[in-house]
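Please treat every number below as a calculation from the coordinates, not as lab data. Please read all numbers here as calculations on a predicted model, not as lab measurements. Methodologically, a virtual Cβ is constructed for each residue, glycine included, from the backbone with ideal geometry; neighbour enumeration extends over all protein chains shown.
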Amino acid sequence: MKYSRPGDHEVSYTEISSENESIAKIRFWYPAELEKNSDQYPVIMVVNASGTPAASYEPFFERLASWGFIVVGNEDPQTGTGETASITLDCVMNLPADHILYDRMDQENMGIIGYSQGGAGALAAVSEYENGKMYKTIFTGSAAYQFMAGNFGWHYDVTKIRIPYFMTAGTGKSDDKGVKDPTKEYGGVSPLSALIENYEQVPEGVMKIRARAAGAEHEEMLMRTDGYMTAWMLYQLQGNEEAGKAFLGEDAEILHNSNWQDIDKNR
């Protein structure tokens, strides 16, 4: 509950235009104090779900930025290949010297998140593009499962993930239809069997967590995961040890939360 609320930072906004028609605009939400100091801030790239440009869910970005992050989005409604996330990252890393955010992004602490098609896009951005190596951590909410994603041309390879990964999905039928073999018939957007497969394919030496939001349908996952997604980024990108208690050890908070189930983790 704590981390699903706004943080302590006032938030400002800026944008730049992109020559890429799908991206259209790159949007930035950031702590307003940045305009009066010389500090660098951790960065979170958000990869849109299907038909969901960043402009359509501004409160999500603003709330996340209020926890001390520079949060980046674009207008691409079809993000599954990860290409526009990769292009956006290149643009972000090459802002002109007169831009308010020039040299203000902590390149050692950059995360990426994505929901639904955007989850596949986030995984692709990390695993299929050279600049994916810049990310320090990844979070996905109901990422389109590999077989379905591949049929749409959204290819990703979780065996290439080398950064801490927190994967989530809902237990509702829109995410998991309960079919026996989701490679032979549609299993929902993110069925448990595919989530387990993804978890097992991430190398064991990489910090990873798998969890499902109890009773959550696919369209509810953005809201249902807000608190844990934010805590994850606070721990991974800001070193917030209190937030880390949600995930770490045998007494991790998430293990005792009845709103979550099917949890597996290796830290």
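Between residue 21 and residue 38, the modelled label-to-label distance comes to 4.5 nm, taking each label 7 Å out from Cα in the direction of the beta carbon. Of the GluC sites (Glu not before Pro) found in the range 169-267, those in coil by DSSP whose Cβ has at most 13 other Cβ atoms within 10 Å are 185, 204, 250. Sparse packing (at most 14 other Cβ atoms within 10 Å of the Cβ) combined with a DSSP loop state is found for the following GluC sites (Glu not before Pro) in the range 1-47: 10, 19, 21. Taking 0.36 nm per residue of sequence separation and removing the Cα-Cα distance, the residue 13/residue 266 pair yields an extension gain of 87.3 nm. For the range 140-217, the alpha carbon positions stretch 32, 28, 18 Å along the principal axes, listed from largest to smallest.
Dividing the Cα radius of gyration of the chain by 2.2 N^0.38 Å, with N the residue count, gives 0.94. Between the beta carbons of residue 98 and residue 245, assuming R0 = 30 Å, the FRET efficiency works out to 0.10 to the nearest 0.05.
Taking the Cα atoms only, what angle lies between the long axis of helix 226-238 and the longest principal axis of the chain, rounded to 10 degrees? Here the helix axis deviates by roughly 60 degrees.
Once you place label points 7 Å from the Cα toward the Cβ at residue 214 and residue 197, how far apart are they in nm? It is 2.8 nm. Seen from all directions on average, the range 61-103 presents a Cα convex hull projection of 3.8 nm².
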